[in-house]
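A short worksheet on the structure shown next.
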Amino acid sequence: MKKTHSYFVVSFLVVGMLFATTPYFSKNEYTTIDKVVLDSIQAKDAFNTMMKVISHDRCVNCHPSDNRPKQGDQGNQHHFDIARGGANTGFEATKCTTCHQSENNVYSGVPGAANWSLAPKTMAWQGLTNKEIAKAMLDRTKNGNRSHKDLIHHLTEDKLVLWAFNPGVNQDGVQRTKPTVSEEEYKAAVKEWFEKGAIIPEDK
Amino acid sequence: MQVSFFINGESKSVEVADENTPLLWVVRDILDLKGTKFGCGKAACGACTLHVDGEAIRSCSYAVKFAKGKQITTIEGLGNEENPHPVQQAWIEEVVPQCGYCQPGFMMATAALLDKIPNPTDEDIDKNIINVCRCATYYRMRKAIHRAAELKTEANPITEIENS
Ligand code: FES
Ligand code: FES
């Protein structure tokens, strides 16, 4: 028994010495990451999280590159030949709100949210990369002259934007797909990305 | 839940268990106004079109709670045999209906269109009148829409001059 005990003591000492002498574990050798670099890593993560929502097929449905709203997960043309019209809200007598109200309709499966409309043509995202979408979003000549503060508000408070997380059921009563990140994660990511300067990450 | 609104000029109050009940069901089943039709129930065909505060609405997809305090017009309130609306008059003149099921919805959509565009072009009609007619009376409807525009202008020349 005594012998076994001393083996343990010796083993601990040896291992301890190894740790103490191995340069890999030396405090002096830690690399400190510059705050700017760290911010940019975190901002990139936030950007990627935010873009998972913004570039989601359902979100892009209302940001078409032509004048036809899209629908479904495959970005199909909206039924009935309905189109943008002069004010992004359909035609004079048959407009978005002829069918879409301020809430999802559980009886018909027609989706709805406040201010249901297409995004303006300057915010056409269909077919763009994440970087291109972000660039357009930050461009005040395209984004309705929105400052960063306005954009944060729009992206995290606007009922039509947040409809993405509450898309309701479709005409067959089946739940529509939601973005792959939660509303809370998305909102936090938007705020963090803007707080860290709204830098669009470079491709590596 | 109690919902009050005006329908065809009359004040009405209805009691519904579910405030999201489609306005169409209330109009047809509670108020017994059967002119407005149920076609698809999914805002796809337009048979249920009526006006809420002057705007064409597909009532199968419109929760009754949204109608609170608003002015609703159905085909029964558009006009009557003695005093038809220009759209109804034009529909009679052009003998538009076949089975007739879709026609009230088309007439309501057309009435809304003429309020916005008194003299619609064929393109305006194509864009705005997108209801479905299984009997394919579209050709006669187009003629009737143009005729309704004429009748409305004849009946209301001053408004027309002001608008032009
Ligand atoms: S029944 Fe409402 S649009 Fe078909
Ligand atoms: S007249 Fe029969 S559906 Fe239109």
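The values are calculated or read from the model by the stated rules, or taken from the named source; none is laboratory data. Bear in mind that the values here come from a model prediction, so they are computed numbers and not experimental data. So basically every Cβ, Gly included, is an ideal-geometry build from the backbone, and we count neighbours across all protein chains shown. For accessibility, only protein heavy atoms count, side chains too; no ligands or nucleic acids. Shrake-Rupley method; radii C 1.70, N 1.55, O 1.52, S 1.80 Å.
Does B:Glu55 qualify as being within 16 Å of ligand 1 (Cβ to nearest atom) and within 10 Å of the chain's Cα centre (by Cα)? Considered against the rule, which asks whether it is within 16 Å of ligand 1 (Cβ to nearest atom) and within 10 Å of the chain's Cα centre (by Cα), B:Glu55 comes out as yes. Of all residues in segment B:48-66, one or more are free of Cβ contacts under 8 Å to residues at least 40 places away in the same chain, assigned to a loop (DSSP other than H, G, I, E, B) and not assigned by TED's automatic domain parsing to the domain that holds B:Ala109. Name the single residue, out of those in segment B:58-73 being open to solvent by 10 Å² or more (accessible area, probe 1.4 Å) and under 15 Å from B:Ala111 (Cβ atoms), that is nearest to the other protein chains (Cβ to nearest Cβ). Ranking the candidates gives B:Thr73 first.
Filtering segment B:17-53 to residues that are more than 10 Å from chain A (Cβ to nearest Cβ), touching a helix residue (DSSP H, G or I) at 6+ places or on another chain (Cβ under 7 Å) and of a type in the set (Gly, Ala, Ser) leaves B:Gly35, B:Ala47.
Please go through segment A:73-89 and give me each residue that is free of Cβ contacts under 8 Å to residues at least 60 places away in the same chain and either of a type in the set (A, V, I, L, M, F, W, C) or part of a loop (DSSP other than H, G, I, E, B) (or both), ordered by number. The answer is A:Gln74, A:Gly75, A:His78, A:Phe80, A:Ile82, A:Ala83, A:Arg84, A:Gly85, A:Gly86, A:Ala87, A:Asn88, A:Thr89. Summed over segment A:146-159, the residues that are closer than 19 Å to A:Asn61 by Cα and open to solvent by less than 40 Å² (accessible area, probe 1.4 Å) give a count of 2. Considering the conditions (1) open to solvent by less than 20 Å² (accessible area, probe 1.4 Å); (2) more than 13 Å from ligand 1 (Cβ to nearest atom); (3) over 13 Å from B:Ala109 (Cβ atoms), B:Glu76 is excluded by exactly one of them, (1).
Among the residues here, A:Gly75 qualifies as in contact with an Asp or Glu (Cβ under 8 Å, 6 or more places away or on another chain) and on the phi > 0 side of the Ramachandran plot. Regarding segment B:138-159, can at least one residue be identified that is within 14 Å of chain A (Cβ to nearest Cβ), free of Cβ contacts under 8 Å to residues at least 12 places away in the same chain, hydrophobic (A, V, I, L, M, F, W, C) and open to solvent by 20 Å² or more (accessible area, probe 1.4 Å)? No, segment B:138-159 contains no residue that is within 14 Å of chain A (Cβ to nearest Cβ), free of Cβ contacts under 8 Å to residues at least 12 places away in the same chain, hydrophobic (A, V, I, L, M, F, W, C) and open to solvent by 20 Å² or more (accessible area, probe 1.4 Å). Considered as a group, the residues in segment B:95-112 that are more than 9 Å from ligand 2 (Cβ to nearest atom) and out of contact with any Ser or Thr (no Cβ under 9 Å at 6 or more places or on another chain) include one that is nearest to the other protein chains (Cβ to nearest Cβ), and that residue is B:Thr110.
Regarding B:Asn131, is this residue more than 8 Å from chain A (Cβ to nearest Cβ), open to solvent by 70 Å² or more (accessible area, probe 1.4 Å) and not in a helix (DSSP H, G or I)?
On the way: more than 8 Å from chain A (Cβ to nearest Cβ): yes; open to solvent by 70 Å² or more (accessible area, probe 1.4 Å): no; not in a helix (DSSP H, G or I): yes.
So B:Asn131 fails the test.
As a summary of the residue check, A:Val37 satisfies the conditions (1) open to solvent by less than 20 Å² (accessible area, probe 1.4 Å); (2) over 30 Å from B:Lys116 (Cβ atoms) except for the one numbered (1). Could we say that B:Asn119 is open to solvent by 30 Å² or more (accessible area, probe 1.4 Å) and not in a helix (DSSP H, G or I) here? Criteria met by B:Asn119. Just one of (1) assigned to a strand (DSSP E or B); (2) facing chain A (nearest Cβ under 10 Å) fails for B:Val14. It is (2).
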